[in-house]
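Engineer: Below you'll find the structure I mean.
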Amino acid sequence: MPTAPAPSSTSGGFGRGLAFGVAAYALWGVLPLFFILLRPASAFEIVAWRIVLSLVFCILLITVTRGWPPLVALVRDRRATLMLGGAGLLIVVNWLTFIYATLSGHVVEAALGYFTNPIVTVLLGVFVLRERLRPLQWVAIGVSAVAVLVLAVNYGQFPWIALLLAFSFGFYGLVKKQVGGRVDALSGLTIETAWLAVPASIVLVVLAASGSLVTGTAGTGHTLAMLLAGVVTAIPLLFFAAAARRLPLAYLGLTQYLTPILQFLIGVFVLGEAMPAARWFGFGLVWIALVLLTIDMFRASRATKSVAGSGNGI
């Protein structure tokens, strides 16, 4: 799994980064329960509201925390602003796919996507960061490839929901990691949502004009839940951005296991989605691959510490 230098105390510390990461992934893990409350709104309506309301929430938070100077300085950084725009597009793909999966009864397949994400992170390290895979990482990728094949046969179709979730969020994490050193969490999220706010507003206008807008017509409880979408969206993303700035990519990948575990439990035991034997077998292969990646990561970390310790002793 791709690694990065250990975070320094100036970046907020490893402990705080780990706490932010666990909080972000735990909140994402229970999101299916929240989105089910937003039925019968479509995935496009929910995502559009998430973008617009997240931007409103971020602007209010920036005003309260007096964060306008860092935001203005970041906007002047053209490269960072463009990269955050790309991150925004990636997260929209992820949101649309995940909400579609939730509303259509595919929470278990969505969980598979987030279980697969660490393997995607390894592949990004190879093809984007030009890293070399260690033998155990090759084995893990091979096992995961077999798992995808088994699950594709079981589902009767290519598991596109799982893979689209895994790759969209994998690239999102990579972009956030590359700009994280010079972008604070709140300013970064504000720019991401600002890039998307106009298209999202157009979607809402079109839905309203066509009579397809559900918000405001499905009861007070539904409207209040939709209005909370901005806060529910922004808080875990802020936590994730804060974690990405403080944690090596490998440790960030480890904390993300919490999300698919919670989603899997919700899909199987709360929503009652089917888990035939072949699907259990496919998931088992994915979990074996994750165990192999975890063992490899700790071996590599121990070897790095050993070399560093020897160097310090000279």
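Engineer: Mind sorting Phe171, Phe44 by how few other Cβ atoms lie within 10 Å of their own Cβ, fewest first?
Structural biologist: Details: Phe171 21, Phe44 17.
Ranking Phe171, Phe44 by Cβ neighbours within 10 Å, fewest first, gives Phe44, Phe171.
Engineer: I'd like the distance between the alpha-carbon centres of region 78-121 and region 160-188, rounded to an integer number of Å.
Structural biologist: Region 78-121 and region 160-188 have Cα centres spaced 9 Å from each other.
Engineer: In nm, to one decimal, how far is the Phe298 label point from the Val270 one, both placed 7 Å along Cα→Cβ?
Structural biologist: In this crude label model, Phe298 to Val270 measures out at 2.9 nm.
Engineer: Quick check on the exposure proxy: order Val139, Val148 from fewest to most C-beta atoms within 10 angstrom.
Structural biologist: Details: Val139 16, Val148 19.
Listing Val139, Val148 from fewest to most nearby Cβ atoms yields Val139, Val148.
Engineer: So for Ser54, Ser42, Ser212, fewest C-beta neighbours within 10 Å to most, what's the order? Mind showing how you got there, number by number?
Structural biologist: Numbers: Ser54 27, Ser42 18, Ser212 12.
Taking fewest neighbouring Cβ atoms as first place, the list is Ser212, Ser42, Ser54.
Engineer: Can you give the Rg/Rh ratio of region 126-203, where Rg is from the C-alpha atoms and Rh is the Kirkwood radius?
Structural biologist: Numbers: Rg = 17.6 Å, Rh = 15.8 Å.
Radius of gyration relative to Kirkwood radius: 1.11.
Engineer: Expressed in nm to one decimal, what extension gain is obtained for the pair Val75 and Val153 from 0.36 nm per residue of sequence separation less their Cα-Cα distance?
Structural biologist: On the way: separation 78, 0.36 × 78 = 28.08 nm, distance 4.73 nm.
Length gained, Val75 through Val153: 23.3 nm.
Engineer: Then there is this: Show me the three semi-axes of the equivalent ellipsoid for the chain, from the C-alpha gyration tensor (sqrt of 5 times each eigenvalue), largest first, rounded to whole Å. Intermediate values should be presented prior to the final figure.
Structural biologist: Working: eigenvalues 208, 151, 47 Å².
Equivalent ellipsoid of the chain: 32, 27, 15 Å, largest first.
Engineer: Going 7 Å from the Cα of Phe34 along its beta-carbon direction, which residues of region 197-231 have the amide nitrogen within less than 18 Å of the resulting point?
Structural biologist: 215, 221-231
Just so you know, all these numbers are worked out from the coordinates, no wet-lab data involved. Here the structure is a predicted model, which is why all the values come from computation and not from measurement. No Cβ is skipped: glycine too gets one built from the backbone with ideal geometry, and neighbour counts run over all protein chains shown.
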